[in-house]
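Quick note: the coordinates plus some simple rules give every number you see, no bench work behind them. What you see is a predicted model; the values in this text were computed from it and never measured. So basically every Cβ, Gly included, is an ideal-geometry build from the backbone, and we count neighbours across all protein chains shown.
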Amino acid sequence: MTYAVVTSLLHLPRTELKKSIIDGSEILQVADDIPAVLKLANTLYDCDYTQFLHGLVALNHHLIANRYLQTHAGYIIRELHLLGFRQFLDSYQSVTLKSMAASFGVIEFLDLQLSRFIASGQLTAKIDNVGGIVETNRPDWKIASYREMIQKGDLLLNGN
């Protein structure tokens, strides 16, 4: 069930996540067996980004202990991290780094993490370090999905 929940987190839209994972009867039957994964799904859905990052740490330990997911742990955590940033930034055209850092419960390194995702083209935003603002720019949906597909293919083939 862990595999189903983790892959669903990465690929299902938010509304489908609620219906299939958070309120899904099959998942709720085994909820006691996968508390870290369900906590992560709930915090992402509830937009509790501080607890979401704590859930990522707990999930990372779980992924590393799993012999099948161990080699993919870095990729899964990075993609979930990106998912949290995307979900947060989708609500804003611009947001201060200070406000975003408070929402995620981090003090340092937020601009570094964001800049890595922006530089790789995974986030469509700009950081104004002087003003301390993150500005999002939403490209055409087809272009964005094409770029995302190419980047995920490159990551899969290159293993980075």
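Residues that are surrounded by fewer than 17 Cβ atoms within 10 Å (Cβ to Cβ) and not in a helix (DSSP H, G or I) within region 49-99 comprise 66, 67, 68, 90, 91, 92, 93, 94, 96, listed in sequence order. Restricting region 102-160 to residues that are touching a helix residue (DSSP H, G or I) at 6+ places or on another chain (Cβ under 8 Å), assigned to a helix (DSSP H, G or I) and not charged (D, E, K, R), the residue that is farthest from residue 69 (Cα to Cα) is 103. Within region 5-31, the set of residues being touching a residue at least 12 places away in the same chain (Cβ under 8 Å) and surrounded by 15 or more Cβ atoms within 10 Å (Cβ to Cβ) comprises 5, 6, 8, 9, 17, 18, 20, 21, 22, 27. Quick check on residue 41: is it surrounded by 13 or more Cβ atoms within 10 Å (Cβ to Cβ), without any contact (Cβ under 8 Å) to a residue 60 or more places away in the chain, more than 16 Å from the chain's Cα centre (by Cα) and in a helix (DSSP H, G or I)? So residue 41 does not fit the description; no.
Among the residues of region 122-152, which ones are under 15 Å from the mean Cα position of the chain (by Cα), in contact (Cβ under 8 Å) with a residue 12 or more places away in the chain and surrounded by 13 or more Cβ atoms within 10 Å (Cβ to Cβ)? Full working, then the answer.
Our first condition is that a residue be under 15 Å from the mean Cα position of the chain (by Cα); within region 122-152, this holds for 122-124, 148, 152.
Among the residues that remain, those that are also in contact (Cβ under 8 Å) with a residue 12 or more places away in the chain are: 122-124, 148.
The answer is 122, 123, 124.
It is to be established whether one or more residues within region 17-38 are out of contact with any Cys (no Cβ under 6 Å at 6 or more places or on another chain) and within 19 Å of residue 91 (Cα to Cα).
Initial filter on region 17-38 (out of contact with any Cys (no Cβ under 6 Å at 6 or more places or on another chain)): 17-38.
From what is left, the residues that are within 19 Å of residue 91 (Cα to Cα) are 17-18.
Yes, region 17-38 contains a residue that is out of contact with any Cys (no Cβ under 6 Å at 6 or more places or on another chain) and within 19 Å of residue 91 (Cα to Cα).
Apart from one condition, residue 106 fits all of (1) surrounded by fewer than 16 Cβ atoms within 10 Å (Cβ to Cβ); (2) hydrophobic (A, V, I, L, M, F, W, C); (3) over 18 Å from the mean Cα position of the chain (by Cα); the exception is (3).
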